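Worksheet for the structure shown next.
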Amino acid sequence: MTKSELIAQLAAENPHLRQPDVELIVATIFDEITAALARGDRVELRGFGAFSAKRRDARTGRNPRTGAAVPVSGKAVPYFKPGKELRERINAAAAGQRAATPAASAPMASRPVPATVD
C-alpha cells in the first residue's frame, strides 16, 4: 500500500473527513515520526511497533567493480520492531491463508505429479 492509497482508504472509511484533511493528518504523523527519529528519539505505538534509529559504525567497504577498498562513513539507519499485537495479527492472517490453500503447504510427496506427454 502506498501513501496515496492509504489516504484514499482512510478518506473512504471516514466520509465525515475531507480528503485534504486526511492528507494533512497522514503527513503530520509521518513528519512527527521522522522528526523524532532525526532527534534520536524512539517512537513507540502500542500494539503496532517501535521506530528507532540505529547507529552503523564507519567501516571499510569494497568497490564491486575494481575491488578497491573504500571508506564508508558511519550513519544512522531507521529501524522498526513490530509489536506483539501486530505480529499476532499478521501470523493469524497468514495461517488463515495457508488453511485456505492446503496444496501450497502440503509436503512434496503428497502433491500430484503432472503427467508428461512424450
Hits among lysines - C-alpha to C-alpha of Lys75 under 18 Å, sequence gap 8 or more where chains match: Lys54
Stokes-Einstein translational diffusion, the range 5-58 - Kirkwood Rh over all Cα pairs, 1.567 mPa s, 4 °C, in µm²/s: 100 µm²/s
Eligible aspartates and glutamates near Lys81 by straight Cα distance, threshold 16 Å, same-chain separation 8 or greater: Asp41, Glu44
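Values quoted throughout were computed directly from the atomic coordinates according to the rules given, and no laboratory measurement underlies them. Source: prediction; values computed, not measured.
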